[in-house]
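Everything on this sheet refers to the single structure shown next.
Only the coordinates and a few stated rules stand behind these numbers; no lab work does. As the structure is a computational prediction, the values presented were derived from the model and not from experiment. Neighbour counts are summed over all protein chains in view; Cβ atoms, including those assigned to glycine, are modelled from backbone coordinates with ideal geometry.
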Ligand code: NDP
């Protein structure tokens, strides 16, 4: 039986490309999404991958959702914590709710998914947890104290959990994408985006598939000696 991979935020953008790549690699793939039913339906129709509606920021919902996926599909071997949101604004304009939503979904979601699946991976002595961070968690970004803190937290979470999984055949890694051409970046005003692209050494936005290939490597047997690492896929932007 092929190993089972769950990709949060799998129905759109980077997550969708990750789902397709892992399916091409021979894994059985399941996507999790928040509530955009239209996108979820077209994703399942086009990719032949089931999608479960689970709020990754809701601890109980994640435990119940993963239990249901395991009953329906089988034990979860690979988790890709990709679901993420932005609620940008400078500190003085940011509400507590905007802070809390981003922390709860982007960082809390990683904890919730790991809590639901780590024990099973330990029992089976094999697992992969791949967390999608961000260059803005590494470098910070004006107007994103919530997002930068959550993504920076993901990098610490990754290194800590990697140590807990290392003797049990579980690798835990992060990928820090730079600016990728998805709905999230489409929301950035054009004049701001032009300035961002000017700072990317390769001179263009990344494609979701370029993140997905990194996930495929970390999920593979070939990635078995890589743990607690962050792979920067950002067109060289981390050098500036
Ligand atoms: P998109 O906004 O295109 O897609 C987000 C996905 O996450 C959707 O499937 C959405 O579901 C899902 N999602 C959102 N909130 C929740 C939730 N509470 N529970 C479950 N699923 C949820 O995002 P991207 O593809 O652009 O980004 C993917 C990841 O990559 C994010 O973590 C992002 O922070 C990170 N990243 C993106 C960069 C970029 O340039 N795009 C750069 C660096 C990092 P639904 O469709 O139902 O709303």
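What the table below lists for this structure:
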quantity	calculated
Rough spin-label spacing in nm, given labels placed 7 Å along Cα→Cβ, for residue 163 and residue 185	3.5
Cα long-axis angle, helix 13-24 against the chain (0 to 90 degrees, to the nearest 10)	30
Helix axis angle, 208-219 relative to the chain longest principal axis, alpha carbon, degrees	40
Highest-fluctuation residue, 165, 89, 178 considered, GNM on the chain with Cα pairs under 10 Å	89
GNM top mover of 156, 15, 65 - the chain, alpha-carbon springs below 10 Å	156
Helix 59-72 vs. the chain, principal-axis angle (Cα, 0 to 90°, nearest 10)	50
Spacing of the two label points (7 Å from each Cα toward its C-beta) at residue 90 and residue 197, in nm	2.7
Residue 139/residue 63 FRET efficiency (R0 41 Å; Cβ-Cβ; nearest 0.05)	0.75
Residue order, fewest to most surrounding Cβ atoms within 10 angstrom, among 182, 11, 158	182, 158, 11
For 105, 200, order by how many other beta-carbon atoms lie within 10 Å, fewest first	200, 105
Compactness of the chain, expressed as Rg and Dmax over alpha-carbon positions, Å	16.9, 53
Per-residue Cβ neighbour rank within 10 angstrom, fewest leading, 49, 132	49, 132
Computed [θ] at 222 nm, helices only, for the chain once each DSSP H run of length n ≥ 4 contributes -39500 (n - 2.57)	-14000 deg cm²/dmol
The chain, relative contact order [Cα under 8 Å, separation at least 6], %	20
Candidates 68, 93, 115, ranked by Gaussian network fluctuation over the chain, Cα under 10 Å, top entry	93
Binned Cα-Cα distances of the range 116-240, short to long, each 10 Å bin given as a whole percent	13, 40, 30, 14, 3, 0
